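Following: one structure in structure tokens, then a few remarks.
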Amino acid sequence: MANSAQPIALPNPFAAGCAWIDGKYVPIGEASVPILDTGFVRSDLTYDVASVWEGRFFRLDDHLERFFTGCERLRLIPPLTKAEIRSIMVETVSRSGLREAYVEVIVTRGVPGPGQRDPRLYQPRLYVYAIPYVWIVKPELQARGTDVFVTQNTHRIPSSSVDPTVKNFHWGDFIRGMFEAYDRDAWVPILPDQNGMVTEGPGFNVFAMVDDVLYTPVRGVLEGITRRTAIEIAKDLGIKVAVGEVPVEDLYRSTEIFLTSTAGGVMPVATLDGKPVGNGNPGPVTTKIRDRYWELHSDPNYSHEVDYT
Ligand SMILES: Cc1ncc(COP(=O)(O)O)c(C=O)c1O
């Protein structure tokens, strides 16, 4: 008699996420960091986050370019080449099977040897992981716009102390700002610098429409890949864009505000410090840029397919 047993489909151990550590792929729940890693105890690292949407990586090479520039600015030498890191990032997604993913790569200064204190002597360590896509503002909330608060008691850490163009984990100011925002019933904070200029918020850049010009801060910010995409789209749409100093007062007279991040895309703002921005709904410029942003995720000039086989 023929064996009629069907093969049993085993659950994918990487379904909740896949990490690459010390040359091995491990399920995300089993991934851990050595306690003496200076990335953990000193924030001595840089990182980047790319995304996968509908099975396609978005601007992966631009993320890797920024990541390698950041490493150079910190005098960190990644232990693998750009091409090797790129293929590990793709492999973590492929193993996880995730069609929508948040893919992080980190290089830390490494683990000091016994009694060592000279960071030039450590061996940098690489970590990569892919987990389900993360939203700073959930799509339901994006549909009506989020609530933002400009912090009064927290300034962005000065660029002369921590270079914001190098993606970093020095989030003390952001976390403090988040609590300030929660205390005001807002969802996210925007942090000014010490001179009253807009900088950015925890994980996103800021855009504001003032007098029919789309402004975004030039200094004191990470040069976001989503920011770059939004600027390109706006210019394509014939919208005037100004990358310059943005005084906080300008936010209060803007007709539209939106936030940009790999973790959430182009996110409309409904209220600022409890008052409506424009008419309190996502504005026409924001909506056009947001729609186009998501369309570009299937454009081969901006994205490429992940091989899941
Ligand atoms: C501080 C900060 N600003 C801006 C951004 C947005 O950058 P991107 O659009 O490249 O995700 C991030 C992303 O995590 C960030 O951490």
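The values are calculated or read from the model by the stated rules, or taken from the named source; none is laboratory data. Remember, predicted model here, so these are calculated numbers, not experimental data. Reconstructed Cβ throughout: ideal geometry from the backbone, glycine too, with neighbour counts over all protein chains shown. Note: accessible area is taken over every heavy atom of the protein model, side chains too, but ligands, DNA and RNA are not part of it. Shrake-Rupley method; radii C 1.70, N 1.55, O 1.52, S 1.80 Å.
Odds and ends about this structure:
To keep it simple, each residue is scored yes or no on (1) of a type in the set (Phe, Trp, Tyr); (2) under 15 Å from Glu104 (Cβ atoms); (3) modelled with pLDDT under 95.
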position	(1), (2), (3)
Asn3	no, no, yes
Gly29	no, no, no
Gly39	no, yes, no
Leu60	no, yes, no
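- Count of residues meeting criterion [under 22 Å from the mean Cα position of the chain (by Cα), open to solvent by less than 30 Å² (accessible area, probe 1.4 Å) and away from the ligand (no atom under 13 Å from the Cβ)] in region 212-232: 1
- Of all residues in region 233-255, those satisfying the criterion of being over 22 Å from the mean Cα position of the chain (by Cα) and under 24 Å from Trp135 (Cβ atoms) are Leu251, Ser254.
- You will find that of Ile77, Ile106, the residue that is of a type outside the set (Asp, Glu), more than 16 Å from the ligand (Cβ to nearest atom) and either modelled with pLDDT of 95 or more or farther than 30 Å from Asn12 by Cβ (or both) is Ile77 and no other.
- Whenever a residue of region 254-275 is within 14 Å of Ile231 (Cβ to Cβ), its partners that are part of a loop (DSSP other than H, G, I, E, B), lying with C-beta atoms within less than 6 angstrom and at least six residues away or across chains, give the pairs Thr260/Gly224.
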